Amino acid sequence: MKFTLSWLKDHLETTATVPEIVAAMTMAGLEVEHVIDPATKLAPFTVCKIVEAARHPNADRLQVCQVDTVDGRKEIVCGAPNARPGLTTIYAPIGAYVPGLDVTLVEKPVRGVVSNGMLCSAAELEYASESDGIMELEGSLAVGTPAVDALGLEAVIDFEVTPNRPDWLGVAGIARDLAAAGVGTLKDLSIAPIAGTYPSPISVTVDGEACPAFAGRYIRGVKNGPSPKWLQDRLTAIGLRPINALVDVTNLISYDRARPLHVYDAHKLSGTQISTRLGRHGEHGDEHLIALDGKTYELTPEMCVIADANGERPIGLGGVMGGESTGCSEDTVDVFVESAWFEPIRIAQTGRTTGIASDAQYRFARTVDTGSLVPGIELATKLILELCGGEPSEVVYVGEVPAAPKGFAFDPDYVGQLSGLAVTPEKTHQILAALGFDVVLGSPWTVTPPTFRRDVEGKADLVEEVARIAGYGALPSTPLPEVPRAVGGILTAKQARARAARRALAAAGYAEAVTFSFTNRKTASLFGGGQDVLVLANPIASELDCMRPSLLPNLIEAAGRNARQGFADAALFEIGPTFHGDKPADQRTVVSAILAPKAPRGWDKAAQGDVFTVKADLLALLEELGAPVASLQTAQGSASSWWHPGRSARLQLGPKAVMAEFGEIHPAVLKALDVAGPVFGFEITLEAIPEPKKKSIKTKPAFSPSALMPLTRDFAFLVEKAKAAGDLVKAAAGADKALITAARVFDVYEGPGVPDGFKSVAIEVVVQPREATLTDAEIEALSAKVVAAAEKAGGKLRS
Amino acid sequence: MTDLNTLEADVLAQVAAASDLQALDAVRVAAVGKTGSISGLLKTLGAMSPEERKTQGAAINALRDKVQDAITQKKAALEAAELDARLASETLDLSLPAPYRRKGSVHPTMQTMDEVVAIFAEMGFAVAEGPDIEDDFHNFTALNFPEKHPAREMHDTFFFNPKEDGERMLLRTHTSPVQVRTMVSQKPPIRIIAPGRTYRCDNDATHTPVFHQVEGLVIDKGIHMGHLKWTLETFLARFFETDAVTTQFRPHHFPFTEPSAEMDVQCDRSGGEIKIGQGTSWLEILGCGMVHPNVLRACGIDPDEYQGFAFGMGVDRLGMLKYGMPDLRDMWSSDVRWLSHYGFSAFAAPNPASGLS
């Protein structure tokens, strides 16, 4: 919403400057976006007078002018046909930036004659969009008068109107708030009715659904034409294009009172009745309207149509845009003025459907004052009679606007209770009254909002009104009451684990990435996602059209992007949501890491890292997160399809309690993502880690080391190549749970001495005697138990 | 006696001449071994008279001790020389690099998130969460957005396709739905923050379609805007690690708060970077207000008994302001150079004892 200081002063008696107005607006809740000040833009331009104009010696169309300027007499070359002696126009000195041409003037000869400046057109000053020749100003203007003053230009304030305040879409509404805030005195906004001298020859019917209320008036014998300069200036200052007096009046009232109007050329109406109804599905599709913008729109049954010819011919899209067929022109003699009220939701939808964002549509969609129908007509009548003459009919008023807001109880002490501000009841009363509220004092008060403040529905709304006008600057800073702190911290187990995982992985050498929650549907389906319910209806881009089922694709693609920039070695992780359905429980918090080992070559030939690197990092992390690592099964071959089938596994407590997957990413998946392998990774679902047991006592079990030396025994077993070494280790370790504390693989061998299809797995078993040193016989017996257990697991002692 | 003197000189010369431990041992065996020359002399004592034995015995024993001492000393010297030689041969070029180790880091947005949580934890706030995929009720209706109101359109909402019953799920446009979920599921007093991902269909230099917000909610008896102001001022001073901040509340409109405000913080922009806590400029930092009675009612809380405040701020932007990341989009790029440049150490977890950063 734009307005100028002089326009504001029509309604507000004030001496405030533009910066003072802007500051007051900001503190009253009118967020000023910017102030456009033409004085800055047009600073170098001043009024000048042409003294002589002679034809250019070398060019027929150019003249060499002698001009009286602020800088003295200057010789200026000018191509405008209207340059003539005695003309008062605008002078631009050398060095001036001409906004309409986007050039800075330099001293250079024009066809052999040096031009010491420039005479300007309205377009060159951006005063008009097009112009014919240089400006022609009043001869009374003194040479040297700044162009802004000569043209009557002033600063334009542009501010954001929040959707709750449609009354700010009129300058009068702004003035009311500023007056309440103490910036000046509000002038009388009331509009005197003008008596009609005859009944309107046009009648109106409303269909309450399409258009609840409609006020109209016939004015005959008007003389349309360009509106006067003051009106044109007012409109151009805020970026509107003057059209003709009748149309300009409606635009003026739209911006002055937030009251959109429409004027029909009565001679172009068919019949004597205007009716409002919903759009119709005809036999050949929807009705059509050629609107004032020259475009054709389909009128659906959701839209409000204004029609004549017994309701048959659409002549307007109610509250949005009038029709071309009944628009006013310079020849218009009799008019019918419309001041109606339309349902905001219907108008908002019509705007969306048609793509029309007119000033009327914008205002009706945000709710126009229900009390403004007749005052709007009266103000329009007054201005039309002033500018175009004519004779008004009586006002036609049909239908019913929504009831005025009801009064409600209000205790002025509530201002302090909710805002913390100290505002006296007298001040509260004064502010509410200044904003147009009706206050009946009592215990409690009864406050009734005006019809243009339907956003105020209850006592909290009134507190906001009082607080913002009294000023948020006086808000106290009151410490929150102390509350007992949660014992054991405020984070849930999952939150604490996410936090610990972040620190642990960063310490392990992984860099944390934060990636979008999206991927594309094709990629999502590679990672078990892409369900219909997770595809966005309005994605920002086609490659971001689906919620991610895993963090891996984004991390892998990030590794690919880094590699293409020359940084192929990547160890990345992310902790964030993955999506498996559209219910809250379908969202999981996942910790994922990837390793694309492409470290620089080293003299020590150290290993780059492989699937066992990520396994080690994964297990260390799970341990850190308090997962029951010792009870985890490594289920190889059962991990999801995006992993290398022979180099991936699940870590699980059981088939239905899968905590993590890890391995090498499937080469086909990497190919689809256009990333060079190998890439290793893991993904932990935090929800799958059992909640730690809550212990009331934090003491740990007593430390009781054995006094006896542990001893080790080595075994080598032959097993089928496909058998998991882990099963053999588990069997050996479980052979005697009392004595065996660990079993570790220290060699895996295939080759000469081992039959085809088999491998030799060498295991070191650690034995911890409990009560007494073991005898040779006891050790023998234990060894036999280990061998027997291994045999059960498919291992044969190597002889 | 002459014999003993000669023997002594002879053996000591041999000890001195021994060039390595093996040679020295040969000398030792030849002199004091079982059949050594000095051991042999001791065996002759038995055949001597007591007088003779007394003098000779003392002399021979003295000789033996002297030789033993010499051998021990020589042995130590030889061993030391041998160790020196070995160590010299074991020299490594320690200017060679140690094995390559990747350096991990914490993302600045997540570091910022941890800082925010740490500060509010001290003020007694718990951390609440909610789903990213929301329904219309939690994201709009319960938050007092009227049906089809222009305020809804201003949210640039991402939608999923409508279901058969016409319901259309969406990506939450703010963390405020967590307010609703919290108030519906727990009774006042409530004091929570809700950090998380939020989504708007918007992508330019200052907007990414996904961003992080942290919501705050305090519901109790007698909570007013002054408490809101203190809470936010205290938070900002702690977050920007400055003694005090000056803030300005400007009236604004949010459907879910009444009164509503935007808060600016005083800052200095003169040096090309933004310094909070000094200067004469204002920086808009968050939106806030008193929870709208309609929202309390929608969540089953009596607005005549309880009242409170809510606020919401952009975490990515807070991080940018504090740590000077110039471009929001870079934060989502996963560029390893950027992560390493702006990332934080694993051990920089913010806490009240060691500070925030």
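When peptides A:107-113, A:625-631, A:380-386, A:783-789 are sorted by average Cβ neighbour count within 10 Å, with the highest value leading, the order is A:380-386, A:783-789, A:625-631, A:107-113. Shape call for segment A:131-225 from the C-alpha gyration tensor, a ≥ b ≥ c root eigenvalues: rounded (a/c under 1.5), prolate (a/b greater than b/c) or oblate? It comes out oblate by the Cα gyration axes. Peptide packing for A:351-364, A:762-775, A:328-341 was compared via the average number of neighbouring C-beta atoms within 10 Å per residue; ordered from the highest value, the list is A:328-341, A:351-364, A:762-775. Interface residues of segment B:315-357, defined as those losing at least 40 Å² of solvent-accessible heavy-atom surface relative to the isolated chain (probe radius 1.4 Å), are listed as B:Trp332, B:Ser334, B:Val336, B:Arg337, B:Leu339, B:Ala346. Remark: mean inter-chain Cβ contacts per residue of B:152-161 equal 4, using a 10 Å Cβ-Cβ cutoff to other protein chain atoms. Partners of A:Lys295 within straight-line reach, counting lysines whose Cα lies under 24 Å from its Cα and excluding those fewer than 8 residues away in the same chain: A:Lys268. Taken as Cα centroids, segment A:62-113 and segment B:1-62 sit 129 Å apart, rounded to the nearest whole angstrom.
Roughly how many Å² is the accessible area per residue of segment A:371-499, as a whole number, for a 1.4 Å probe?
Numbers: 5650 Å² over 129 residues.
Heavy-atom accessible area per residue stands at 44 Å².
Taking 7 Å steps out from each Cα toward its Cβ at A:Ala142 and B:Leu92 produces label points 9.2 nm apart.
What's the whole-number percent of alpha carbon pairs in segment A:201-397 lying beyond 29 angstrom?
Details: 2903 of 19306 pairs.
Here the tail beyond 29 Å accounts for 15 percent of pairs.
With R₀ set to 60 Å, the beta-carbon distance separating A:Ser190 from A:Ala59 gives a calculated FRET efficiency near 0.45.
Can you give the FRET efficiency for B:Lys187 and A:Ala128, using 1/(1 + (r/R0)^6), R0 = 41 Å, r = Cβ-Cβ distance, to the nearest 0.05? After rounding, the FRET efficiency stands at 0.05. Between segment A:618-677 and segment A:447-504, the alpha-carbon centres lie 44 Å apart.
Of all beta bridges that DSSP places with both ends in chain A, some 95 percent have antiparallel geometry. Each residue, A:Thr296 and B:Ala77, gets one label point 7 Å from its Cα in the Cβ direction; the gap between the two is 12.0 nm. Surface analysis of segment A:635-773 yields an accessible area of 59 Å² per residue, using protein heavy atoms and a 1.4 Å probe. With one equal scatterer per alpha carbon and no solvent term, the Debye-computed log10 I(q)/I(0) for segment A:330-371 at 0.15, 0.21 1/Å reads -0.45, -0.68. Computed across segment A:38-149, the Kirkwood radius stands at 13.7 Å (inverse of mean 1/r, all Cα pairs). Charged neighbours of A:Met1, selected by a Cβ distance under 15 Å, balance to 0 (K, R count +1; D, E count -1).
Once divided by 2.2 N^0.38 Å, the Cα radius of gyration of segment A:491-686 becomes 1.00.
Amide H to amide H, with H built 1.01 Å from N, A:His644 comes under 5 Å of A:Glu664, A:Ile665, A:His666, counting only residues 5 or more places away or on other chains.
Can you pull the percent of segment B:1-100's accessible area that's carbon plus sulfur, 1.4 Å probe, other chains left in place? Kindly include the intermediate steps, with their values, before the conclusion.
On the way: 3980 of 6880 Å².
On segment B:1-100, the fraction of accessible area on carbon and sulfur atoms equals 58 percent.
What's the Kirkwood radius of segment A:406-472 in Å, using all Cα pairs? Kirkwood radius, segment A:406-472: 11.5 Å. Rolling a 1.4 Å probe across the protein heavy atoms gives segment B:2-87 an accessible surface of 64 Å² per residue. In summary, the lysines within cross-link reach of B:Lys163, defined as a Cα separation below 16 angstrom excluding same-chain residues under 8 places away, comprise A:Lys583. Here is the list for segment B:182-278: GluC sites (Glu not before Pro) lying in DSSP coil, each with at most 15 other C-beta atoms within 10 angstrom of its C-beta, are B:Glu241, B:Glu273. Here segment B:231-357 was treated as a single set of alpha-carbon atoms; its pair distances binned every 10 Å from 0 give 11, 32, 31, 20, 6, 0 percent. Between segment A:747-799 and segment A:301-375, what's the alpha-carbon centroid distance in Å? Value for the Cα centre distance between the two parts: 93 Å.
Legend: residues in segment A:603-617 shielded by at least 20 square angstrom of accessible surface upon adding the remaining protein chains to the isolated chain (1.4 Å probe, heavy atoms) are A:Trp603, A:Asp604.
Computed from the alpha carbon atoms alone, the convex hull of the protein assembly as shown holds 330 Å³ per residue.
The label point for A:Thr685 and the one for A:His281, both projected 7 Å from the Cα toward the Cβ, are 4.7 nm apart.
Dividing the summed helix terms, -39500 (n - 2.57) for each DSSP H run of n ≥ 4, by the number of residues in chain A produces a 222 nm estimate of -7500 deg cm²/dmol to the nearest 500. Pull out a ≥ b ≥ c, the square roots of the eigenvalues of the alpha-carbon gyration tensor of segment B:2-87, then state rounded if a/c is under 1.5, prolate if not and a/b is larger than b/c, and oblate in the remaining case. Prolate, because a/c is 1.5 or more and a/b exceeds b/c. If you roll a 1.4 Å probe over segment A:609-731 with all protein chains in place, what percent of the accessible area is carbon or sulfur? Whole-percent figure for carbon plus sulfur exposure: 57. Per-residue surface analysis assigns A:Lys730 an accessible area of about 120 Å², computed on protein heavy atoms at 1.4 Å probe radius. Projected over all directions and averaged, the alpha-carbon convex hull of segment B:106-340 occupies 13.7 nm². Give the cross-link partners of A:Lys759 among the lysines, using a straight C-alpha distance below 21 Å as the criterion and excluding same-chain residues fewer than 8 apart. By straight Cα distance, A:Lys759 reaches A:Lys721, A:Lys723, A:Lys730, A:Lys792, A:Lys796. Interface between chains A and B: roughly 7800 Å² of accessible area buried, both sides summed (probe 1.4 Å, protein heavy atoms only). Here the accessible area of segment A:201-397 is 51 percent carbon and sulfur, with a 1.4 angstrom probe and all protein chains present. Rounded to the nearest Hz, the phi-derived 3J(HN,Hα) couplings of segment B:179-194 under the Karplus curve 6.51 cos²θ - 1.76 cosθ + 1.60 (θ = phi - 60°) are 4, 4, 4, 5, 5, 6, 9, 9, 8, x, x, 10, 8, 9, 10, 10, where x marks glycine and proline. Only protein chains counted, 1.4 angstrom probe. Which residues of segment B:232-266 are at least 30 Å² less accessible in the assembly than when their chain is isolated? Output list: B:Phe249, B:Arg250, B:Pro251, B:His252, B:His253, B:Glu258, B:Pro259.
The values are calculated or read from the model by the stated rules, or taken from the named source; none is laboratory data. Please read all numbers here as calculations on a predicted model, not as lab measurements. A quick note on method: Cβ atoms are made from the backbone with ideal geometry, for glycine too, and the neighbour counts reach across all protein chains shown. With ligands, DNA and RNA removed, areas are computed over all heavy atoms of the protein, side chains included. Shrake-Rupley method; radii C 1.70, N 1.55, O 1.52, S 1.80 Å.
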